[in-house]
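Student: Here it is, the structure, as structure tokens.
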Amino acid sequence: MRWIGLIIEFITYGLLSYTVVLLEGYVFIAVYSIGGIRKYLNKNSFTNYRLLAGSTQLPGVSILAPAYNEGANIVENVRSLLSVHYSNLEVIIINDGSKDDSMQKLSEVYDLYKADFFVNQQIPTKNVRGVYKSRNNIYSKLIVVDKENGGKADALNVGINMAVNDYVVCIDVDCILEQDALLKLVKPFMESPHRRVIATGGVVRIANGCEIADGRLIKIHLPDQFLPRVQTLEYIRAFLLGRMAWSRLNGLMLISGAFGAFDREIVINCGGYNPKTVGEDMELIVRMRRYMEDLKLPYKVAFIPDPLCWTEAPASFEILGRQRNRWTRGTIETLKIHRIMFFNPKYGLMGMISYPYLFFFEFLPPIVEFGGFIIFLVSAIFGSVEWKFFFSLLGLIYSFGVLYSVFAILMEVLTYNQYRRRKDILNLLLTAFLEPLIFHPFVVWSAIKGNIDFLRKKNSWGVMTRKGFSIAKKTI
């Protein structure tokens, strides 16, 4: 049985080496993000966004918001989109064959009528049943498209075909925007003379528990429920540290599907969103970057560390599991479609660093972690576990996870400080200690199921039920 022990020992030290490299990668990202955030804060401290909001020189922007069975939030969300501070704007709501009362609510509240509208179908899509505008001039920026169900990617492609502006902002219709969100998101497009900015993204935060009135965020609260609260911590860590660092490197391969701006010409040249993948947001960014690399054109994908967008997070393990399952399948599909870039020097930093990082440190970790758990069980059965080594490694990983989260909380407090009550900070710190024990194992298991579903060729999104926002009472 000695050979079993040797195999287990070889795998154990291999896992240890992988873990050390992974943790070193996280440390680099955390440290490197600091410089990017400081540079952004210093640079934008001189910007007068109120003056910019009234400028007639702003580039035209079309907001694209797909909606499928979003009746719980649809009215408040459209109000939010219409109320953002931006002069040259159109808001396109794409009803993707909803089976609830979404279209009825929109028609009643915004007094819609069916308009004659030409759609230049540069990207193939499902059939458009009708284009609607409001009889009320207050809502002259609003366009509502009713189409056959084809999924989020197909709905966004319809919006891209209909948009008349140079830049499109793709957003989940359940999101609430900060008033100056578009100004900050579009600014990188205007200030990069030497490299063409093809996409920008901003920080997405969790709106569960926050108070919303007339489509605006009135009061910020840390969610009371554990799952939305731990996702709040996860989002702070991912956006403020991870994406800020990759943006500084110009190696960012993902703009959140919840809120991102794109150069419409480049999107159309690349063929729009891919309706055959469930990770259409990541896949489009990678395809746009690959397009620019193939043409050897200087470009940049920018990231804004400001909290610009607030969204409702899953509050149940069932819905959360479906979301993370889908994210895993989307990552695998993107890696598969663009596998030619893997360690390919032709694609520069993206081929040599960004893509390999996505493969080794985003796709592989859940598989490695789950495999390590199986090996531990086998080792325990055969009595080959070195318990002192095991608990030392477990303590190292747990401590690092907690400290990384605490560092992210510190960066949040020192920069944007959205959660200002001492109670909220203490709850976030407590969540940092609980996350590795409760939330992380579930996310790993959801990722494993995502891998299994990918092998089974499952391509569905799954039902993502929303409860709606907490509506603040109006005061006179």
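The values are calculated or read from the model by the stated rules, or taken from the named source; none is laboratory data. From a predicted model like this one, the values you see are computed outputs, not experimental measurements. Don't worry about glycine lacking a Cβ; one is built from the backbone with ideal geometry, like all the others, and counts go over all protein chains shown. With ligands, DNA and RNA removed, areas are computed over all heavy atoms of the protein, side chains included. Shrake-Rupley method; radii C 1.70, N 1.55, O 1.52, S 1.80 Å.
Student: Please give the per residue accessible area of the chain, computed with a probe of 1.4 Å over protein heavy atoms only, in Å². Could the numbers behind the result be given before it?
Tutor: On the way: 22250 Å² over 476 residues.
For the chain, the solvent-accessible area averages 47 Å² per residue.
Student: I've got another one for you. Over the Cα atoms, compute the radius of gyration (one decimal) and Dmax (the largest Cα-Cα distance, rounded to a whole number) for the chain, in Å.
Tutor: In Å, with Rg to one decimal and Dmax whole: 23.0, 81.
Student: Further question: Using a 7 Å offset from Cα along Cα-Cβ at N344, what residues in segment 356-395 end up with backbone N under 14 Å from the label point?
Tutor: Of the residues in segment 356-395, 356 have backbone N under 14 Å from the label point off N344.
Student: Starting from the Cα of V109, step 7 Å toward the Cβ, then list every residue of segment 135-179 with an amide N under 19 Å from that point.
Tutor: 135-147, 171-179
Student: Could you tell me what percent of the accessible area of the chain is made up of carbon and sulfur, with a 1.4 Å probe and every protein chain present? The partial results should precede the final answer.
Tutor: Details: 13150 of 22250 Å².
Roughly 59 percent of what the probe reaches on the chain is carbon or sulfur.
Student: Still on this structure, please answer the following. From the phi angles alone, apply the Karplus equation (6.51, -1.76, 1.60; θ = phi - 60°) to segment 17-26 and give each ³J(HN,Hα) in whole Hz, x where the residue is Gly or Pro.
Tutor: 4, 4, 4, 4, 4, 4, 5, 5, x, 5
Student: Using a 1.4 Å probe on the protein heavy atoms only, what accessible surface does C175 show? Give it in Å² to the nearest 10.
Tutor: 0 Å²
Student: If you line up the long axis of helix 387-414 against the longest principal axis of the chain, both from Cα atoms, how many degrees apart are they, to the nearest 10?
Tutor: Once rounded, the angle reads 30 degrees.
Student: Also, I was wondering about something else. So if each residue of separation counts as 0.36 nm, and I subtract the Cα-Cα distance between D294 and R196, what length gain in nm does that give? It would help to have the intermediate numbers written out before the result.
Tutor: Values: separation 98, 0.36 × 98 = 35.28 nm, distance 1.46 nm.
Value of the extension gain: 33.8 nm.
Student: If you don't mind, another one. Within 10 Å, at most 12 other Cβ atoms, and a DSSP state outside H, G, I, E, B define an exposed site. Report the longest part of the chain free of exposed chymotrypsin sites (Phe, Trp or Tyr not before Pro). Intermediate values should be presented prior to the final figure.
Tutor: Values: sites that count: F46, F118, F343, F382.
Longest gap between qualifying sites, sites excluded: 119-342.
Student: Please enumerate, by chain and number, the lysines with C-alpha under 24 Å from the C-alpha of K105, excluding those fewer than 8 residues away in the same chain.
Tutor: Of all the lysines, those that pass the test against K105 - Cα under 24 Å, at least 8 places apart if same chain - are K114, K126, K133, K141, K147, K152, K467, K473, K474.
Student: Considering the Cα trace of segment 191-263, what is its radius of gyration and what is Dmax, both in angstroms?
Tutor: 15.1, 47
Student: Something else: Between their Cα atoms, which of K43/K184; K99/K458; K99/K276; K187/K300; K219/K423; K336/K458 are more than 19 Å away from each other?
Tutor: Working: K43/K184 12 Å; K99/K458 23 Å; K99/K276 22 Å; K187/K300 13 Å; K219/K423 16 Å; K336/K458 15 Å.
K99/K458; K99/K276, as the Cα separations exceed 19 Å there.
Student: What are the residues whose amide H is under 5 Å from the amide H of F259, where those residues sit 5 or more places off or on another chain and H is modelled from the backbone?
Tutor: D172
Student: Further question: Taking the alpha-carbon centroid of each part, what is the distance from segment 399-431 to segment 264-295 in angstrom?
Tutor: 35 Å
Student: What fraction of the Cα pairs in segment 126-250, stated in percent, has a spacing above 22 angstrom? Before the final figure, lay out the partial values.
Tutor: Numbers: 4223 of 7750 pairs.
More than 22 Å apart: 54 percent of the Cα pairs in segment 126-250.
Student: For segment 291-317, list residues with backbone N below 16 Å from a point placed 7 Å from the Cα of N44 toward its Cβ?
Tutor: Output list for this probe position: 301-310.
Student: Give me the net charge for the shell around R329: Cβ to Cβ below 15 angstrom, other residues only, Lys and Arg +1, Asp and Glu -1. Write down the numbers at each step before the final one.
Tutor: Values: positive: K152, K276, R322, R324, R326, K336, K449, R456, K457, K458; negative: E280, D281, E283, E333, E362, D453.
Once all neighbours under 15 Å are counted, the net charge is +4.
Student: Amide H neighbours of H221 under 5 Å, at least 5 residues apart or on other chains, H built in the peptide plane: list them.
Tutor: Residues meeting the amide H criterion: C210, E211.
Student: Once R0 is set to 30 Å, what does the formula 1/(1 + (r/R0)^6) return for the Cβ-Cβ distance between K388 and F359, expressed as a FRET efficiency to the nearest 0.05?
Tutor: Details: r = 33 Å, r/R0 = 1.10.
The calculated FRET efficiency here is 0.35.
Student: Using DSSP loop states and a limit of at most 14 other Cβ atoms within 10 Å to flag GluC sites (Glu not before Pro), what is the longest stretch of the chain containing no flagged site? Don't skip to the end; give the middle numbers.
Tutor: Details: sites that count: E148, E191, E386.
Of all site-free stretches, the longest is 192-385.
Student: What is the calculated FRET efficiency for I381 to N149, with r their C-beta to C-beta distance and R₀ = 41 Å, to the nearest 0.05?
Tutor: On the way: r = 50 Å, r/R0 = 1.21.
After rounding, the FRET efficiency stands at 0.25.
Student: May I pose another question? Roughly how far apart, in whole Å, are the Cα centres of segment 313-334 and segment 89-141?
Tutor: Going from one Cα centre to the other spans 29 Å.
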